[in-house]
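Enquirer: Before I ask anything, here is the structure I am working with.
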Amino acid sequence: QISQALMLRETVRGLSREDSASTIYGYVAGLAILTGMRSTVMHGVFACSWITGLTMRVATIGLIYRKATQMSKQALSEVTTGHVINLVANDVERFVEANVVVHHMFVGPLHLIVVVYLIWLEIG
């Protein structure tokens, strides 16, 4: 994202400086290539995150099933079927959803530092 913004900045600067057409076309081609690369890389990242989340979901459902089969009849009578279905259907699905976006927790601050640095360089 940051490299795309920098390439767009150079394209606009090139237009305002009235650079040659080939230079501006180079900036635009670079922007298109960066966009394609970002889409390709992010697709792989999200696919791996989704698969990891699904693996966690299946493992957790297996743990819930194992625990339910090992419970005594008295303890089993205290747990409602709706509670178990809610665990399996809704709560475990959050592993998949969270796993897809959890990397933003780590990448977000790094992006913030880079953007603040670039703004510092630009403004002075």
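Enquirer: Do we have L87 as loosely packed, with under 10 Cβ neighbours inside 10 Å, over 22 Å from the mean Cα position of the chain (by Cα) and of a type in the set (A, V, I, L, M) here?
Expert: no
Enquirer: Within 19 Å of M42 (Cα to Cα) and touching a residue at least 60 places away in the same chain (Cβ under 8 Å) - does that describe any residue in the stretch 99-113?
Expert: yes
Enquirer: Working only within the stretch 18-30, note down all residues that are at pLDDT below 85 and either open to solvent by 90 Å² or more (accessible area, probe 1.4 Å) or under 26 Å from L112 (Cα atoms) (or both).
Expert: Within the stretch 18-30, just E18 meets the criteria.
Enquirer: What are the residue pairs meeting all of these: first residue in the stretch 61-78, first residue at pLDDT 85 or above, second residue surrounded by 11 or more Cβ atoms within 10 Å (Cβ to Cβ), Cβ atoms under 7 Å, and 6 or more apart or on different chains?
Expert: Short answer, once both residue conditions are applied: I61/V88; I61/V92.
Enquirer: Suppose the filter is part of a helix (DSSP H, G or I) and more than 15 Å from the chain's Cα centre (by Cα); does R38 pass it?
Expert: Against the criterion (part of a helix (DSSP H, G or I) and more than 15 Å from the chain's Cα centre (by Cα)), R38 does not qualify.
Enquirer: From the list G82, G124, G44, pick out the single residue that is modelled with pLDDT under 85, small (G, A, S) and closer than 30 Å to L6 by Cβ.
Expert: G124
Enquirer: Another one. Which residue out of G44, G62 is of a type outside the set (D, E, K, R), open to solvent by less than 50 Å² (accessible area, probe 1.4 Å), over 18 Å from V92 (Cα atoms) and part of a helix (DSSP H, G or I)?
Expert: G44
Enquirer: Among S77, S49, which is the only one that is of a type outside the set (A, V, I, L, M, F, W, C), in a helix (DSSP H, G or I) and within 30 Å of I113 (Cα to Cα)?
Expert: S49
The values are calculated or read from the model by the stated rules, or taken from the named source; none is laboratory data. This one's a predicted model, so the numbers in the text were calculated from it and none came from an experiment. Positions of Cβ are generated from backbone atoms using ideal geometry, with glycine treated the same way; all protein chains shown enter the neighbour counts. Surface accessibility is based on the protein's heavy atoms, side chains included, excluding ligands, DNA and RNA. Shrake-Rupley method; radii C 1.70, N 1.55, O 1.52, S 1.80 Å.
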